[in-house]
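The values are calculated or read from the model by the stated rules, or taken from the named source; none is laboratory data. All of these numbers come straight from a predicted model, not from anything done at the bench. As a convention, Cβ positions derive from the backbone with ideal geometry for all residues, glycine included, and neighbour counts pool all protein chains shown. Accessible surface is based on the protein model in full, side chains and every heavy atom, while ligands, DNA and RNA are left aside. Shrake-Rupley method; radii C 1.70, N 1.55, O 1.52, S 1.80 Å.
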Amino acid sequence: MAKNIQTMADHWLIKLFLGSLVLVNSQVNGASFVNITLSESAVSKGAVCLDGSPPAYAFDKGFGSGANNWLVFLEGGGWCDTTDDCLIKVKKSPSTSSTKNAPAASFGGILSPEQTINPDFYNWNRVYIRYCDGSSFIGDVEAVDSETNLHYRGSRIFSAVIDELLEKGLKNAQNAILVGNSAGGLATMLHCDRFRALIPNAKRVKCISDSGFFIHGKDLPNASGREQYFARTMALHGVAEFLPTSCTSRMDPSLCFFPEYLVGDIQTPLFLLNSAFDRYQISVTLKPYPADKPGWESCTNHTETCTPGQLQIIKEFRNTFLGTLKEIGDRPSTGLFINSCYIHDYLFSNPRWNSDGSPRLDNKTIAQAIGDWYFERSIVKLIDTQPDRPLDCHLL
Ligand SMILES: *[C@@H]1O[C@H](CO)[C@@H](O)[C@H](O)[C@H]1NC(C)=O
Ligand SMILES: *[C@@H]1O[C@H](CO)[C@@H](O)[C@H](O)[C@H]1NC(C)=O
Ligand SMILES: *[C@@H]1O[C@H](CO)[C@@H](O)[C@H](O)[C@H]1NC(C)=O
Ligand SMILES: *[C@@H]1O[C@H](CO)[C@@H](O)[C@H](O)[C@H]1NC(C)=O
């Protein structure tokens, strides 16, 4: 079912070059902001952010034909793998570790309330759950370190906020989607079947992971770095008991954070949206060990400056990514949109999601591809196998 998309790069480069100014403005002008709700009820269940602040979410109520449909979005924002790393996260990245002073959330892309931008979901109940735990919403450690006051409670945040949403009407949902990007995209896969089970009467429940397919790549540079990073993160956040036994029973549980070992056992239909040249994975998780590191950062900052050897590593990443996907992507219920933009995260940006200059595969924007898959208007397995280097898609 793989599709080879030709001439796409040229087409974009011309179109986007002309169109980008307009897109930037319309996104800024058209942005819709939704205020944050702090979940005080979660706090009484011990569900708190890394720094002890309450979980938070932004909720835009559905209307019309969307009144009983729910889209729940799990924000991303990396992980932290040691006490020191989590302390740094709290200090330097409060937007992914705390809800103190949390600003209103920008609802673009799949969260947009505008029909032209978001034709299938604009009038659904749309919820954006803030990411503040450093564990992809899956840690649960009772003890609080009195010296640092760090809390590892991601799983409780997921459960407590979903409980609150069930009371607000999610329990009567007819259609529902659990979706997330990056670390939230991984969380989506980890929680997908649990979410499904919480709304047994819903007609159609599906999950979408945006840029959450972090590959193991055991023959690629820094494989042991990736393994150890996830293993430390899981140990620090007490993740083990929340992982599916279908994975933990057949391999070292510390590998069960890699989606390739999880998705085969997810029962709920899943959509994987990702670039085969995922910018985050290439620039961060593929970064070779110090010995061969020099120049990696400037290459991944500006891929036109990469040496042939560096481009070869990037191409091997792409081949491994597509190979890994091939093993698990051919279930009929699985939707795929795998393109070649040098991008990480697609879903909350109007220009990336649905615009004249949006990435297209088989002439479908991401919005069309996901809508067609969700409502079963067609089978959607779109994979761009053409370019052998990352494309600059000129998209914000
Ligand atoms: C959102 O918060 C701002 C600032 O506190 C307030 O002025 C505004 O009325 C709020 N909007 C809604 C819809 O509650
Ligand atoms: C290796 O992978 C880890 C985890 O993604 C990352 O933090 C690290 O920067 C990578 N590179 C090196 C040289 O450690
Ligand atoms: C790469 O980009 C980052 C973020 O913009 C910047 O901090 C860093 O200095 C850049 N590094 C190089 C080698 O260009
Ligand atoms: C692609 O889709 C657009 C509208 O979505 C349409 O105008 C255009 O003709 C289509 N192109 C091809 C080659 O089918």
Worksheet item: Could you work out the helix-only [θ] at 222 nm for the chain, with each DSSP H run of four or more residues adding -39,500 (n - 2.57) and the total divided by the number of residues, to the nearest 500 deg cm²/dmol?
Response: -10000 deg cm²/dmol
Discussion item. Quick check on the chain: of the DSSP beta bridges with both residues there, what percent are antiparallel, nearest 5%?
Written reply: 25 percent
Worksheet item: Among the helices of the chain (complete DSSP H runs), which have Cα atoms covering no less than 27 Å along the helix axis and a Kyte-Doolittle mean of at least -0.5?
Response: 8-30, 308-328
Response to the item:
Spelling it out for E75: with amide H atoms placed in the peptide plane at 1.01 Å from N, the residues 5 or more places away or on another chain with amide H under 5 Å from its amide H are I129, Y131
Practice prompt. Any chance you could check the Cα centroid distance between segment 338-396 and segment 142-213 for me, in angstrom?
Written response: 25 Å
Worksheet item: So which of K91/K168; K45/K91; K89/K168; K61/K100; K61/K206; K206/K287 end up more than 29 Å apart by C-alpha?
Response: K91/K168; K89/K168; K206/K287
Practice prompt. Go through W353, F107, F375 and say which Cα lies farthest out towards the positive end of the charge dipole of the chain; charges sit on Cβ, +1 for Lys and Arg, -1 for Asp and Glu.
Written response: F375
Worksheet item: Rounded to the nearest 20 Debye, what is the dipole magnitude of the chain about its Cα centre when Lys and Arg each give +1 and Asp and Glu each give -1 at the C-beta?
Response: 660 debye
Worksheet entry | Where labels lie 7 Å past Cα in the beta-carbon direction, separation of Q228 and A143 in nm | 2.3 nm
Discussion item. What number comes out for accessible area per residue over the chain if the probe is 1.4 Å? Units Å², please.
Written reply: 41 Å²
Worksheet item: Quick one: with all protein chains in place, what share of the accessible area of the chain is carbon or sulfur, to the nearest percent (1.4 Å probe)?
Response: 53 percent
